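Before any comments, here is the structure.
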DNA sequence: TTGAAAGCGGTACCAT
DNA sequence: ATGGTACCGCTTTCAA
């Protein structure tokens, strides 16, 4: 039905082997035949059969990227950066040098995560990049580790981006704990003492680490007696931030600051505060995490920790392709940077 | 190296053919042997070789989703909805019924778009979903149409979501023109007469259609003499919205409203207005398009046209899988809904 | 209901 | 430098 290698070979009056060599460009071929082959390819509009070559070569040009929520720009930015690394640098042997980044949306579901890993294993993916916080349930963690080892064993590179290291994988770990700690320290330095915290889902590594950093800062300043009561858990979305804030205000109307586990939550926090007639930052200062592009527009007074998502994604992509040297020990820490805007305020009164 | 069908067959004491039948579930197999096979599969932790089966069956379980900018939630929402349709409804023949959605980020580049279409053709994708506005350059349009036909000819379903129809593809066209028209009509009804417009890149269908709708509304109200001068083009991002707004104010400081070609631009517009000391909506009303989740938080006073992105994506996914009947004529129009918030204001003075 | 065997379209080793 | 040719692992007639 479709044009095959053999058709091209016949037209170019060479063997299939030669055509294959021209196309993959990993073997010397006389310039004249090479030209003849390429012309035949063009004339016949030949397109390589991916599955066939993946089968024969025992490896495909797919790279899987797992994300928790593709509608969240946090993951969009990372995924986009990974994918951007997949295109061959200009000037290469133009033909088919690219990998195909497969972005898989797990929705944060452990089952779907494993499911996608299986799917990618089935596709004999060249690499898999797992992004974002991991679910901490022990069974699931073990299952993921097992799958990762199996993938690694079958030649698939495994890269983690934004979650704690596991064996057989290269890791770019985000400094969630340190970032959160410094964020809260910033508020403490401004004089805030009653600080609410809106956390993410309980069983996520990002949730736990950021909360730990926050608590550590409070403890160091000796103002952590109310920490438990001033923490509310929810999802990493706007609605949760909104609801959690109402709950926080119910528990303590005298809060002077609220820290959100990420910027999306922070937006909900701000909306709730506004609806309660509280001004930001005059009445309540708000801090977030990630510094997504719209954060500053949404709330000019928002203070956030900025993670270099684009760079992290790009690096993860290069690691997945084996284009960048492994970090020492297989683990690199990605630092977070404080974006304290001028309008962040000390507590009122 | 890896476990193969033959290994499973041997262990289950059946032929490879039988194992294949059990796994694909499209052929009667005795319950007893079926159980035996499945047990062998589990024991050996067998994972189907995707490329091999794609080669033999001449079709793969990949579905490509092309997006212009994966970091933009507009596309994230659509892509996520498409992907969500790929998982088999619970209760199905659990094993391997799922398709793998491949989200491809073109970055709005025509070359990359074609490139990805080739890549997907090479993978023998089961379907391809093209989302978002199309580039209008005639050569490129022709090239895309050709590729689409070729894909369709080789059994790949082609679905368009948010762009104008082409042959051999099923289309969900967004009502950009009508939506934009109604949006501007809303502002006119409030009494606005000097309305600025921040458009997207000139060669995009979405850009042109939305601008046409805006102009049509102005013309119908007889206030389009300044339309040309009050229109500034840019990219579909925040920075462009910011810069364009400064330019608009330079051209006419007495504007009472600004319409942005999408919500992301609208955020930049708002930021610029704020920085110029103008209040929203007291001094200048702002309207956007798409109503992304964060819009209302960012600017409570923002008026937008909401496109049902999630539903559109879900539907596109079902069309890609052949699970939903073709719309009559192969083209369905997706309506936009006006989200006029209470705080939208009539012009000052 | 099950098995045998011929491909599917490349790849890569071995010759020439 | 080029050709011949065994596979790669699964699907799918065709027979039994």
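The values are calculated or read from the model by the stated rules, or taken from the named source; none is laboratory data. Since the model is a prediction, treat every value here as computed from it, not as a measurement. Note that each Cβ is placed from the backbone with ideal geometry, even for glycine, and that neighbours are counted across all protein chains shown.
Here are some notes:
- Spans of helices (runs of 4 or more DSSP H) in the stretch B:2-87 with at least 2 residues more than 9 Å from DNA strand C (Cβ to nearest atom) and farther than 30 Å from residue A:107 by Cβ: B:5-12, B:31-44
- Matching option when the condition is within 14 Å of chain B (Cβ to nearest Cβ) and surrounded by fewer than 24 Cβ atoms within 10 Å (Cβ to Cβ), among A:226, A:283, A:275, A:252: A:275
- Test for residue A:105: is it modelled with pLDDT of 90 or more and within 12 Å of DNA strand C (Cβ to nearest atom): no
- Output for the stretch B:1-12, where each listed residue is more than 13 Å from chain A (Cβ to nearest Cβ) and near DNA strand D (Cβ under 7 Å from one of its atoms): B:6
- The one condition in (1) touching a residue at least 12 places away in the same chain (Cβ under 8 Å); (2) within 14 Å of another protein chain (Cβ to nearest Cβ); (3) more than 26 Å from residue A:136 (Cα to Cα) that residue A:240 fails to fulfil: (3)
- Pair list, Cβ under 6 Å, 6 or more apart: the stretch B:108-122 residue within 10 Å of chain A (Cβ to nearest Cβ), other residue at pLDDT below 90: B:119/A:100
- Of all residues making up the stretch A:13-54, the number that are more than 14 Å from chain B (Cβ to nearest Cβ), at pLDDT 90 or above and closer than 24 Å to residue B:123 by Cα: 13
- Of the residues examined, residue A:69 is one that is at pLDDT 90 or above and either within 11 Å of chain B (Cβ to nearest Cβ) or more than 11 Å from DNA strand D (Cβ to nearest atom) (or both).
- Annotation note: Cβ proximity below 6 Å between a residue of the stretch B:1-30 that is under 20 Å from residue A:58 (Cα atoms) and a residue that is within 9 Å of DNA strand D (Cβ to nearest atom) and part of a loop (DSSP other than H, G, I, E, B) (sequence gap 6+ or interchain) occurs for B:3/B:46; B:8/B:46.
- Residue B:15 vs. criteria under 38 Å from the mean Cα position of the chain (by Cα), more than 26 Å from residue B:318 (Cα to Cα) and either surrounded by fewer than 18 Cβ atoms within 10 Å (Cβ to Cβ) or within 8 Å of DNA strand D (Cβ to nearest atom) (or both): no
- Residue B:155, sole failed condition from (1) assigned to a loop (DSSP other than H, G, I, E, B); (2) within 14 Å of another protein chain (Cβ to nearest Cβ); (3) touching a helix residue (DSSP H, G or I) at 6+ places or on another chain (Cβ under 6 Å): (3)
- Residue in the stretch A:79-91 that is modelled with pLDDT under 90 and either within 8 Å of chain B (Cβ to nearest Cβ) or touching a helix residue (DSSP H, G or I) at 6+ places or on another chain (Cβ under 8 Å) (or both) present: yes
- Filter result for residue A:65 (in contact with a helix residue (DSSP H, G or I) (Cβ under 6 Å, 6 or more places away or on another chain) and assigned by TED's automatic domain parsing to the domain that holds residue A:129): yes
- Just one of (1) farther than 30 Å from residue A:320 by Cα; (2) touching a helix residue (DSSP H, G or I) at 6+ places or on another chain (Cβ under 9 Å); (3) within 14 Å of DNA strand D (Cβ to nearest atom) fails for residue A:41. It is (3).
Residues checked against (1) within 14 Å of chain A (Cβ to nearest Cβ); (2) more than 29 Å from residue B:193 (Cα to Cα); (3) modelled with pLDDT under 85:
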{"site": "B:299", "(1), (2), (3)": "yes, no, yes"}
{"site": "B:310", "(1), (2), (3)": "yes, yes, no"}
{"site": "B:316", "(1), (2), (3)": "no, yes, no"}
{"site": "B:332", "(1), (2), (3)": "no, yes, no"}
{"site": "B:340", "(1), (2), (3)": "no, no, yes"}
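- Filter result for residue A:292 (assigned by TED's automatic domain parsing to the domain that holds residue A:203, crowded, with 17+ Cβ neighbours inside 10 Å and touching a residue at least 60 places away in the same chain (Cβ under 8 Å)): yes
- Single condition residue A:263 does not satisfy, out of (1) surrounded by fewer than 24 Cβ atoms within 10 Å (Cβ to Cβ); (2) farther than 16 Å from residue A:187 by Cα: (1)
- Near pairs, Cβ below 6 angstrom, 6+ apart or cross-chain, from the stretch A:304-332 (closer than 12 Å to residue A:169 by Cα) to any residue that is in a loop (DSSP other than H, G, I, E, B) and modelled with pLDDT of 95 or more: A:331/A:165
- Some residue of the stretch B:239-246 being touching a helix residue (DSSP H, G or I) at 6+ places or on another chain (Cβ under 7 Å) and closer than 23 Å to residue A:268 by Cα: no
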